Each structure stands twice: as C-alpha cells, then as structure tokens.
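Written below as structure tokens is the structure these notes are about.
The values are calculated or read from the model by the stated rules, or taken from the named source; none is laboratory data. Every value quoted in this text rests on a predicted model; they were computed, and no experiment measured them. Neighbour counts are summed over all protein chains in view; Cβ atoms, including those assigned to glycine, are modelled from backbone coordinates with ideal geometry.
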C-alpha cells in the first residue's frame with residue numbers, strides 16, 4: 001500500500017508536467033486558428049428579392065416601385081440580392097405571367113366552366129417571358145407526369161397545366177432566369193437559394209450551375225430543411241455530384257446561424273466542398289420593421305465581431321396599419337439601420353469589417369498539427385486523472401491508464417467524440433482543481449500546513465476533533481450541524497495581509513483554471529467548430545460539475561474522515577429553513593442553466609446593459625463573472641482567512657473559474673475576443689470585490705463599536 005501511494009505521488013508530479021506540456025503543445029494550434037480568423041474580414045449585405053416583389057405587389061405601380069427600390073438598395077450599401085427557386089404564384093407577382101383557375105379561365109373566354117375538370121391556366125406577359133419560362137415550366141410539370149399543352153387567348157400565348165391550381169403553385173422550379181439576368185445587369189451580386197424539393201437531375205444541375213457561374217455567382221444559400229441533393233444521396237450519390245459541380249465552378253455554400261434544426265446534408269456538403277462556407281445572420285422581417293436602426297446595427301456588429309458572421313440577410317414584409325388605413329412600407333427602417341455615421345455599414349467598417357463580397361475562412365493543417373494534438377490529448381487525460389486523485393488519492397494513476405486506453409479505443413471508433421470528451425473533461429477538471437487548491441491554501445493559512453491538491457492531510461499534534469466544514473453550533477435552525485471544538489474564527493492575520501493573500505490566491509487559482517483553455521482550443525481545432533457545423537457538447541455539465549465538485553470537496557473532503565463527514569451530512573435534521581434553502585438553490589440553478597449555452601435567454605434590461613458595456617469596452621464581459629462570481633470569490637477568499645462560514649462563498653466563486661474556460665468553448669468566437677472578455681471580467685470583478693471588502697470592513701467596524709454598547713445597555 002505504501003509503495004502504491006508513492007507511485008501515485010510520483011505519477012501526479014508527472015501528470016502535472018504532462019498537463020503543462022499539453023498546454024504548450026496547444027499554443028501553435030491556437031496560433032494557427034488565430035491566423036485563420038484574420039483571413040476573412042469583408043461582410044456582405046444581402047436582401048431577399050422575393051420580399052421586394054411581395055412588397056411591390058401592394059403598391060399602385062409595382063414595376064416602377066421595384067426599379068426605384070433597387071436603386072435605393074444599392075445606394076444604401078446592399079450589394080447582393082437573394083433569388084429563390086420560383087413558383088407560379090411568385091412569377092405572377094413579378095409580372096411574368098397571369099395565372100388563372102378553371103373558373104377564371106372560362107370567364108375570360110366567356111364560356112361556362114366545364115364540369116368534371118379543374119386545370120390551371122397561365123398566360124405569358126410577352127414573347128420574352130415565354131421564351132425564358134416555358135421550357136422551365138414544361139420540364140418541371142412533365143417530370144411529375146402532369147400533361148402540359150399550349151393555350152392562347154387574345155393574342156397572348158400560354159399553357160394549360162392539367163392539375164389543380166392549389167397543387168400547381170406549390171411546385172418549385174429553378175430561379176427566375178429573367179430576374180437573375182436583370183439583377184446582374186443592374187450591378188448586384190446574386191445569391192441563389194436552392195432547395196431539395198425539385199427532383200435531382202445531373203444534366204439540369206450542371207446547366208444551372210454553369211449559368212450561375214456566368215452570372216458571377218460565388219455562393220449558394222439553401223431553402224428548406226435539406227440541402228440540394230440530400231434526399232437521393234443514398235441511392236444516386238446526388239449530394240456528391242452536387243458538391244463536385246460546386247467545386248468545379250468555384251461556388252461555395254452558406255450556413256444560416258441559429259436554425260431551430262440544422263439543414264440536413266449541410267455538414268456533408270461542407271466537407272465535400274473543403275469547407276468553402278460562409279456563416280449568415282438572418283434579420284427577420286418583424287425585427288427589420290420593429291427594431292430601432294441603432295439596435296439592428298449593434299446586432300450586426302456583435303455578429304461580425306463575436307461570432308465570425310460575414311453575411312447579413314435582410315428580410316422585409318408589408319404590414320397593415322389600421323390607424324392610418326394604409327399598408328406600411330418596411331424599407332425605410334432598413335435603410336436607416338444601414339446608412340449614416342451610426343449605421344451598420346459605417347460601424348462595422350470602423351471595427352475592421354468593410355463591405356464587400358464575403359469569403360470563406362482559409363486555414364491550413366500542417367502535418368505537425370496531428371502530433372501536437374496527440375500531446376494535447378495526453379495533457380487533457382492528465383488533468384482528468386489529477387482531479388480524480390484530488391478526491392481519492394489512489395485513483396490518479398488508475399484513471400490516467402484507463403483514460404489512455406479508453407481514448408485510444410474511442411479515437412478509432414469516433415475521433416470527434418473522443419476530442420469532445422477529453423475537452424469537456426479538461427474544461428471541468430482545471431477549474432475544479434483550481435478551487436481545490438484555493439480551499440487547501442485557505443486551510444493551510446487557518447488550520448495549519450496541509451499537503452496540497454491530491455495529498456494526505458496531516459492533523460496538527462493534539463487535534464482531537466474533525467475539522468470538516470460544519471455549520472456553527474449556534475446555527476441550530478440549520479439542523480444543529482456542528483460540534484464542540486470546531487473553530488469558526490481564525491485570528492492572527494491583519495486585514496491588509498488577508499487582502500494580499502486573497503488576491504494572490506485568486507491569481508494562482510485563475511492560472512490553474514485557464515490551463516484548460518489551450519487544451520480545449522487544441523482539441524477542438526476543426527473548421528467544423530469555427531463554422532458551428534459541430535458544437536462543443538456538455539455545456540450544461542460544464543456549468544454544473546465544477547460547482548458541485550467544489551461543494552462536495554468543501555463539505556466532505558476537508559476533514560480527517562470523508563465517511564464521518566458524509567454520515568453527519570446524511571444525519572442532518574431537515575427543517576423548514578432547509579427546504580426553503582433547497583427551493584431557492586434549485587430555482588437559482590434552473591435560472592443559471594437557462595442562461596447557459598447558445599439558447600440562453602436574457603432580460604430586456606440586461607440587453608440594454610449589454611449594449612452599454614459593448615459600447616464602452618468594445619467587448620462585453622460576462623455578467624455572471626464580473627457581477628457575481630469574481631467579486632464573491634475575492635470577498636470569499638478575504639473572509640475565509642478569518643471566518644470559516646465564509647468558505648461557502650468559494651462555491652459561488654467556482655462559477656467564475658469555469659465560466660472563463662467556457663468562454664473559449666465557443667469556438668466560433670475569435671480567440672482575441674474571448675481573451676479580452678475574460679480579462680475584462682476578471683479585472684472588473686476584482687474591482688467590485690475590493691468594493692465589497694471595503695463595505696464589509698466598514699460594516700464590521702461599525703458593528704464592533706455598536707455591539708458592546710448594546711450588550712451593556714441590555715445587561
């Protein structure tokens with residue numbers, strides 16, 4: 001047994017060395033990503049052309065309105081228009097053709113509607129429209145087995161589609177070729193939106209993409225729940241063919257941010273196109289009409305700066321105003337949000353994001369990166385094993401060996417899952433180890449010298465009582481947890497000495513916590529994370545585990561006997577106050593979890609505060625760090641050197657330590673932004689913590705002066 005303990009002690013030293021080597025090995029990988037984040041700075045503003053056609057349909061002169069608004073869009077900095085796959089009703093709105101039901105066609109001809117027949121009729125606006133659209137319409141409907149035949153009326157040429165109009169208007173076709181040509185000739189870049197609703201045909205797709213290339217198209221956006229070619233990939237390898245053609249014509253793809261459900265096949269297509277992907281933020285038509293221009297501009301800036309967004313998609317929709325008795329034009333608010341010295345275009349340009357054509361990030365993967373990544377993985381395993389050893393001395397070496405074997409096996413089965421698992425383990429381990437170190441330092445300065453993280457605790461001579469964290473004897477309302485001989489006040493350290501010690505402990509604790517940051521960056525270095533095609537898993541666990549483990553260590557592992565501490569905790573008398581406390585903690589935990597991850601929510605007041613911080617510092621530090629966790633950590637360390645009960649504040653302080661690591665788990669955020677964010681949070685948090693300490697000292701002085709007088713008066 002003694003030899004095993006010696007092996008473990010030696011192994012822990014080696015593991016700390018391996019962890020540090022892993023951190024060093026991750027630095028070149030992080031530098032490679034930092035360089036990648038500089039390769040794409042131009043941002044592209046895209047407007048939905050179909051929305052413009054819809055808004056125009058509510059105007060008295062739709063064609064003139066479209067021409068006028070196209071000029072305004074260009075003058076206000078919108079250089080790209082998105083064109084959807086066309087449908088018959090949209091072609092009608094665009095003035096390309098007239099669309100009629102069976103009854104309407106009969107009325108036009110002055111004939112009764114034929115019984116037992118329900119076809120769709122259309123008349124082209126002119127010969128130009130017929131030449132461009134008839135082949136496309138025939139091909140689409142005939143491919144579904146629907147008969148198509150000519151139809152003439154009053155000198156206009158048209159078609160009869162032997163299918164009801166309700167179904168005819170649902171069929172998607174290629175984007176309107178006339179619109180594509182007109183918009184290109186007007187000087188706009190084009191962003192076609194394709195879907196997987198049209199039966200995939202290799203020849204048709206080749207011709208379509210060749211036409212896009214001739215019009216200068218460099219990127220495609222997808223519409224619907226799947227990318228083009230996804231449905232028939234298993235049977236006909238259509239997605240593979242589509243990717244080959246995209247590569248052949250030099251056309252990339254676009255990923256929409258924060259979709260409720262990712263578009264099927266997008267990850268595969270991104271891989272097949274060598275990650276020629278640009279991320280896009282879509283401003284909904286409701287937000288475009290309702291939000292103030294400065295709010296829209298701030299949203300765009302935050303997306304470009306903090307989330308590597310390079311395309312901004314603008315939507316618009318007409319809305320009825322009953323008070324004025326008119327249909328509101330939504331375009332003016334968009335123009336105000338883009339133009340002017342405080343508009344999005346000028347604001348983003350001042351931050352280094354000029355307007356232009358968006359490009360994909362360029363990143364190289366040198367051969368040495370794979371070897372360094374293996375070293376980083378070894379460092380992650382070491383941190384996880386060290387955490388196990390901090391709780392149970394004999395586990396460190398066992399967990400390390402199991403981690404090596406398990407990681408090797410998982411790498412063969414699913415390397416991505418292995419990387420995410422190790423990244424999560426390291427992200428949990430480092431902040432927890434840091435908090436354990438801080439607790440042990442507090443104990444060494446209050447109860448006497450103890451062995452640091454993972455070691456044995458040697459009681460001072462003559463100690464006959466358990467020093468585990470207990471609630472004081474005078475707190476009978478908490479169940480009477482406590483015992484005679486437990487020290488609750490530690491004397492001998494001046495306030496100045498406690499302050500310097502608290503700040504030094506915080507500094508070292510933070511350094512231990514951020515050991516996980518390079519390891520997370522080194523393991524999750526794939527472009528899929530930067531493009532949010534794949535996300536860091538286990539965010540909720542990361543936000544809970546270090547807090548829970550810190551609490552467990554504080555309550556159970558700071559005494560001579562873990563089992564004695566556990567029996568006392570389990571033997572507590574449950575009081576109403578305990579129930580209320582559990583309910584409050586549970587509610588706080590649920591709120592805390594609701595604020596974590598990419599789907600976290602924020603109040604309107606907090607959003608205002610966020611914008612203020614963003615405008616003041618350029619980067620917004622995290623609320624829970626600088627307003628809660630770091631200040632209470634500083635106060636808790638200061639008070640813990642004198643009052644045992646203050647040790648519970650360290651549990652809250654652990655939230656700030658894990659949050660610093662979690663900030664870098666948002667891989668789509670540039671490294672320098674995350675670095676500034678945690679430094680700001682730590683700096684402001686320390687300042688607020690010092691203010692809390694000053695307030696405590698003032699309050700404590702007043703109480704000491706008042707308390708003897710009150711006691712004498714009552715005596």
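Observations on the model:
- Of residues in region 272-294 being assigned to a helix (DSSP H, G or I) and free of Cβ contacts under 8 Å to residues at least 40 places away in the same chain, the one surrounded by the most Cβ atoms within 10 Å (Cβ to Cβ): 272
- Segments classed as strands (runs of 3 or more DSSP E), wholly inside region 304-345, with at least 2 members that are in the same structural domain as residue 60 (by TED's automatic domain parsing), more than 23 Å from residue 222 (Cα to Cα) and at pLDDT below 95: 319-321, 326-328
- Residue check for residue 39: closer than 30 Å to residue 367 by Cα and either in the same structural domain as residue 341 (by TED's automatic domain parsing) or out of contact with any helix residue (DSSP H, G or I) (no Cβ under 6 Å at 6 or more places or on another chain) (or both): yes
- Residues of region 248-264 that turn out to be at positive phi and touching a residue at least 40 places away in the same chain (Cβ under 8 Å), as a count: 1
- Residues in region 672-683 that are surrounded by fewer than 21 Cβ atoms within 10 Å (Cβ to Cβ) and under 19 Å from residue 539 (Cβ atoms): 673 alone.
- Test set (1) surrounded by 19 or more Cβ atoms within 10 Å (Cβ to Cβ); (2) in contact with a strand residue (DSSP E or B) (Cβ under 7 Å, 6 or more places away or on another chain); (3) part of a loop (DSSP other than H, G, I, E, B) - residue 357 fails condition number: (1)
- Residue within region 333-352 that is out of contact with any helix residue (DSSP H, G or I) (no Cβ under 8 Å at 6 or more places or on another chain) and more than 30 Å from residue 276 (Cβ to Cβ) present: yes
- Where residue 438 falls short, out of the listed (1) under 20 Å from residue 21 (Cβ atoms); (2) at pLDDT 95 or above: (1)
- Helices (runs of 4 or more DSSP H) within region 186-265 that include 2 or more residues under 30 Å from residue 67 (Cβ atoms): 202-214
- Criterion (out of contact with any helix residue (DSSP H, G or I) (no Cβ under 8 Å at 6 or more places or on another chain), at pLDDT 80 or above and farther than 20 Å from residue 387 by Cα) met by exactly one of 485, 480, 464, 492: 492
- Out of 86, 82, one residue alone is crowded, with 19+ Cβ neighbours inside 10 Å and in contact with a helix residue (DSSP H, G or I) (Cβ under 7 Å, 6 or more places away or on another chain). It is 82.
- In region 1-23, the residues that are surrounded by 12 or more Cβ atoms within 10 Å (Cβ to Cβ) form Cβ pairs under 6 Å with partners that are modelled with pLDDT under 75, at six or more places apart or across chains, as follows: 12/454.
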